[in-house]
């Protein structure tokens, strides 16, 4: 039966169960396409399970003898199932877009974990696929101690018949009579014409200092039997395992391969006093308190090589560094250390008989877990778990049953208010260029999402169809934070594409703009039109150039200018005035000087405020006071007699005086050339015919030479200043009719006064 999701009976009916049922019906009706990564490709994404797994391990590989089938292996404890133990399941994937319902490999209700898949395409073993795992030899009822849990762990193995896709009826388990012995972390490899199963053993769980080692037996899937080099047996008739390493501290992982004609083992040895009982107890009983995705999980390890049946042990990682094993289906001893991946090979010229060779620089992704994906026994990709700061808009998340709260400064605090370093994860790929002999980091992330956390190391391989096949369990804090089991396939061409994320972000930014708001939007359009979406990882630098060009064009945009019509009108009024006549003209000039011509249309309110400030200053103008006392004074709006005086706006008699706005007699005196007509308002002059080219042009009303004051010439005639701010003269002393009339009236008036004086004397 083929389907996309599997649900099992729950202890009780929960809302999540109903949701799962609905989702199952949808998925059964047809595949639901889900976009799983930033890579635009013909990828297929299938949801198999969702919920809250407390324990999970994943493996996958091509099925031998098939051209379109692959095996997916899951070891999990899924919260809510009736079984209170981790169980081993398998599915068969066909053509990358169909996955069978997960089936149990062994239904004995004991704890199953740490699965390992070995594929052999040699006809000698009938194209069998072998599965080995850590298998508890009894059920747990909750009363077990740490030592009892660890002491129950054994190694089991079974073969999948390639022709029938059915596992062998009988599962073979390595037995130990003592319950003080723990066996875990199996590995299967081919040595010569034999299949070798190795595992880590702790011979004394209760006092495990220096009690760890690596053992192994040959396995024949056709006969389903174990054997060794000497085939010695114990008192119960069980074959005694071969020893490849001994007297070690806690070993977290190992691998084995043939080196110089014998078996060599490469392993991670802890240097911090870790005990197997603590590790087993945490996995079985404290699952919700264990972080399985820490980038620091291997940093207390030393990588060591044991040869000659454990008699020779060497530390292979550099001094003052740590290392980790690189998972691979190649029959080689490969490890990570100091930003590089190295291979151990035979060296006949060295006393040790081996040497290390750097095969890839992976320093761009830092210290992390790595695996090698091969095709036809040739390295194709190197996977890397990438850890970056956790990104989410949420202020509170729950991981493994523990609630974390984000502080005001962005730090994550646990329930004890202690700061915790929580990181999100993704998968990066190095493409190994066999021609150049180097690994090149592909720019695209496999998921490309924020807030993602893995429950376990994803299982990744190249399937029969040449697709990148991924099985993973992850959760997203920006969604429901529920872990989901996915099976995803990617076209290799898609994952090798250049990453256009920065380009797309720049284009989105440009599309969010209104081109009509700017003087010229063509540079942005041209930069977007120049983008070519056909680049692979070798053209990533060009792609980044596209993004930079768009950003530069956006930055260079100039907004349309604001409307300065009201400002210009106000300035025209200012230019029509003589500032010398007003005692507070400085206020007007302050408003003028505050005008900013660089405002955009989005700042129109500011421009309107500038115009209003000038108008308000004009309205508040006050004329300087008039001095009517003594001689040599200026009078406005009246008449004056006497000598050496200037008169504006009235009549004047006498000698040596100058007059504007009325009649004048006499010469050789200067007077300001401003005439005020009756009922005129000097604070609000008419400026309708005055134009102003620029606010920043000089508006000078401060007086001085050649400003608004007539100058006396050698001919005795007045010269007028050429300032634009002078009011026009309306008085004209050059009319003889007026002078004659004035003399007649004056003479008549003088005669009448004299006659009246004589009458009074008589």
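The values are calculated or read from the model by the stated rules, or taken from the named source; none is laboratory data. These figures come from a predicted structure and were not determined experimentally. Methodologically, a virtual Cβ is constructed for each residue, glycine included, from the backbone with ideal geometry; neighbour enumeration extends over all protein chains shown.
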Residues of the stretch 416-445 that turn out to be closer than 23 Å to residue 55 by Cα and in contact (Cβ under 8 Å) with a residue 60 or more places away in the chain, as a count: 2
Meets criteria (within 30 Å of residue 402 (Cα to Cα), in contact with a helix residue (DSSP H, G or I) (Cβ under 8 Å, 6 or more places away or on another chain) and surrounded by 18 or more Cβ atoms within 10 Å (Cβ to Cβ)) for residue 446: yes
Residue match in the stretch 555-566 (condition: part of a helix (DSSP H, G or I) and closer than 30 Å to residue 445 by Cβ): yes
When residues of the stretch 453-468 are limited to those that are assigned to a strand (DSSP E or B) and surrounded by 22 or more Cβ atoms within 10 Å (Cβ to Cβ), the one modelled with the lowest pLDDT: 453
Verdict on residue 85 being more than 21 Å from residue 169 (Cα to Cα), at pLDDT 75 or above and part of a loop (DSSP other than H, G, I, E, B): yes
Residue in the stretch 381-405 that is farthest from the chain's Cα centre (by Cα), counting only those that are surrounded by fewer than 17 Cβ atoms within 10 Å (Cβ to Cβ) and in a strand (DSSP E or B): 402
Residue match in the stretch 273-284 (condition: more than 28 Å from residue 85 (Cα to Cα) and at pLDDT 90 or above): no
Within the stretch 406-423, tally of residues that are in a strand (DSSP E or B) and at pLDDT below 90: 2
Selection within the stretch 88-109 - surrounded by 19 or more Cβ atoms within 10 Å (Cβ to Cβ) and part of a loop (DSSP other than H, G, I, E, B): 96, 102, 105
Those strands (runs of 3 or more DSSP E) lying entirely in the stretch 297-380 with at least 2 residues buried (at least 17 other Cβ atoms within 10 Å of the Cβ): 301-307, 323-325, 333-337, 340-346, 354-361, 370-375
The listed residue being surrounded by 17 or more Cβ atoms within 10 Å (Cβ to Cβ), under 47 Å from the mean Cα position of the chain (by Cα) and on the phi < 0 side of the Ramachandran plot, out of 171, 197: 197
Residues (in a strand (DSSP E or B) and surrounded by fewer than 18 Cβ atoms within 10 Å (Cβ to Cβ)) located in the stretch 240-252: 243, 247
Among the candidates 590, 617, 609, residue that is at pLDDT 95 or above, out of contact with any helix residue (DSSP H, G or I) (no Cβ under 9 Å at 6 or more places or on another chain) and not assigned by TED's automatic domain parsing to the domain that holds residue 509: 609
Some residue of the stretch 411-428 being touching a helix residue (DSSP H, G or I) at 6+ places or on another chain (Cβ under 6 Å), assigned by TED's automatic domain parsing to the domain that holds residue 50 and more than 19 Å from residue 73 (Cα to Cα): yes
Those residues of the stretch 413-432 which are within 19 Å of residue 380 (Cα to Cα) and over 18 Å from the mean Cα position of the chain (by Cα), in sequence order: 429, 430, 431, 432
Check on residue 158, over 41 Å from the mean Cα position of the chain (by Cα) and either outside the structural domain of residue 206 (by TED's automatic domain parsing) or in a strand (DSSP E or B) (or both): yes
Number of positions in the stretch 161-192 that are closer than 18 Å to residue 330 by Cβ and part of a loop (DSSP other than H, G, I, E, B): 1
